Amino acid sequence: MAKTDSSLQSSINSVRLSAAEVDSILDQLDAAEERIRGNLRQAPRFRYRNTIAVHMQQPGSSSRVAFRVPTRNISTGGLSLLHGGFVHSGTNCLVQLISVHGAWSGVGGVVTHCHYLEGRIHEVGLAFEQAIDPFDFTSDAVRSSVLLAEEDPTTARLVAFHLSRLQADVDWAENGRVAVDKALAASYDVVLMDIEMPVLGGLEAIAELRRRGYCGPIVAVTAMTGPGDRSRCLDAGADRYMAKPWARPELAELLKWLKEEPLLSTMTGQPAMAELIATFVSDLPTTIRDIEEAVSDNDAHRVEQLARQIKGKGDGFGFEFISVAGANLEKGLLNGRALDNLRTEIAELISLCQAARAPACEPGG
């Protein structure tokens, strides 16, 4: 459970609205900005909805006042929030941001604008004095890697467009055989598999991937929504089922599911470690594939070697959970358990490796 920041408890409640009323205002602002996107901002902004403490020092004042405010979004260089009153441009602030791990971090900033919305509510924009990495504070800044198996190229382009606006990089497979080959050759956060695929059907492609040791998330996508269709997809090895037509809200919900718990290094805040962490994370897809191939070949000795290697490396790069999962798998094999009886331990290790993320950018760079 996240520890509560003491300044949040002692701050003045700036926006006296219910959570539902605040969400409604923020949703309206997001929808209005979406309609005119492609606009003024160079740095991408990411959804960041929290209640934080902001210590404001109005021009000409020698003291700061702490306000409890709801936030809207965040970028490398700034933050948007709601405030129950007008704030002068140039007002100095200390912002208490909360990270994805529940830790609090103080960041200096200055008010750049204050726009009236309704009642006493204003939207306030802050510019940070020092660049931050949004990745540390919101999972929405995490980019996802998606393999899209869709026969129709026009539909594929449309889906890829929606996914790109949702922080996803998309690789396209035009038939089931290509989808299997690509999934086994690279690492993706999720495979979106249309069931009606040429050359090799989607259900057959999913089943083959599972037979060959593929452990990554697979979502079956189909226009068939009759009784039993969902069960057929899940029985073939899919993790989830999505009904066509493709829709952005459902895609957004899917990526939210993938990003719920990105695994960050406990050394992320150490600049000297950034490049080393990035290298470790970039090597994990190869490790995942090696494990999957060894499992497919029923090569327990090779799986044991790989588990021992990842156990030894994880701690050094701040990924203690990966080390623990590697140790659990290695222990099971050393105790004589067969691979078939270690499916849970194997899936846990691979899932943690897939969730591992390096810092999204170098603040100030």
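The values are calculated or read from the model by the stated rules, or taken from the named source; none is laboratory data. Worth saying up front: this structure is predicted, and the values here are computed from it rather than measured. As a convention, Cβ positions derive from the backbone with ideal geometry for all residues, glycine included, and neighbour counts pool all protein chains shown.
For residue 212, the conditions (1) touching a Leu at 6+ places or on another chain (Cβ under 7 Å); (2) surrounded by 16 or more Cβ atoms within 10 Å (Cβ to Cβ); (3) of a type outside the set (Gly, Ala, Ser) all hold with the exception of (2).
Residues are listed down the side, and each one gets a yes or a no for (1) out of contact with any Gly (no Cβ under 8 Å at 6 or more places or on another chain); (2) modelled with pLDDT of 85 or more:
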residue: 258; (1), (2): yes, no
residue: 277; (1), (2): no, yes
residue: 285; (1), (2): yes, no
residue: 290; (1), (2): yes, yes
residue: 293; (1), (2): no, yes
residue: 298; (1), (2): yes, yes
residue: 314; (1), (2): no, yes
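Name the single residue that is nearest to residue 217 (Cα to Cα) among those in the range 332-348 being over 25 Å from the mean Cα position of the chain (by Cα) and crowded, with 18+ Cβ neighbours inside 10 Å. Among those that are over 25 Å from the mean Cα position of the chain (by Cα) and crowded, with 18+ Cβ neighbours inside 10 Å, it is 342. Which of the residues belonging to the range 75-96 are among the hydrophobic types (A, V, I, L, M, F, W, C) and more than 20 Å from residue 23 (Cβ to Cβ)? Listed by number, the residues that qualify are 86, 87, 93, 94, 95. Checking the range 100-116 against the condition returns a match, with at least one residue being at pLDDT below 90 and crowded, with 16+ Cβ neighbours inside 10 Å. Number of residues in the range 144-190 that are in contact with an Asp or Glu (Cβ under 8 Å, 6 or more places away or on another chain) and surrounded by fewer than 16 Cβ atoms within 10 Å (Cβ to Cβ) equals 2. Among the numbered conditions (1) in contact with a helix residue (DSSP H, G or I) (Cβ under 9 Å, 6 or more places away or on another chain); (2) surrounded by fewer than 18 Cβ atoms within 10 Å (Cβ to Cβ); (3) in the same structural domain as residue 21 (by TED's automatic domain parsing), the only one that residue 129 does not meet is (1).
On inspection, residue 252 fails the criterion of being part of a helix (DSSP H, G or I), out of contact with any strand residue (DSSP E or B) (no Cβ under 8 Å at 6 or more places or on another chain) and outside the structural domain of residue 188 (by TED's automatic domain parsing).
Restricting attention to the range 263-282, the residues being free of Cβ contacts under 8 Å to residues at least 12 places away in the same chain and farther than 25 Å from residue 186 by Cα number 2. Checking each residue of the range 148-160 against the condition of being closer than 30 Å to residue 57 by Cα, acidic (Asp, Glu) and modelled with pLDDT under 95 gives no match. Against the criterion of being surrounded by fewer than 16 Cβ atoms within 10 Å (Cβ to Cβ) and in a helix (DSSP H, G or I), residue 328 does not qualify. Total residues in the range 33-52 satisfying the condition of being modelled with pLDDT of 65 or more and among the charged types (D, E, K, R): the figure is 5.
The one condition from (1) of a type in the set (Val, Ile, Thr); (2) outside any strand (DSSP E or B); (3) farther than 14 Å from residue 123 by Cα that residue 87 does not meet is (3).
Taking the criterion of being farther than 25 Å from residue 353 by Cα and outside any helix (DSSP H, G or I), the residues of the range 205-234 that qualify are 221, 222, 223, 224, 225, 226, 227, 228. Might you let me know whether the range 192-204 holds any residue that is touching a residue at least 40 places away in the same chain (Cβ under 8 Å), hydrophobic (A, V, I, L, M, F, W, C), in a helix (DSSP H, G or I) and buried (at least 18 other Cβ atoms within 10 Å of the Cβ)? There is no residue in the range 192-204 that is touching a residue at least 40 places away in the same chain (Cβ under 8 Å), hydrophobic (A, V, I, L, M, F, W, C), in a helix (DSSP H, G or I) and buried (at least 18 other Cβ atoms within 10 Å of the Cβ).
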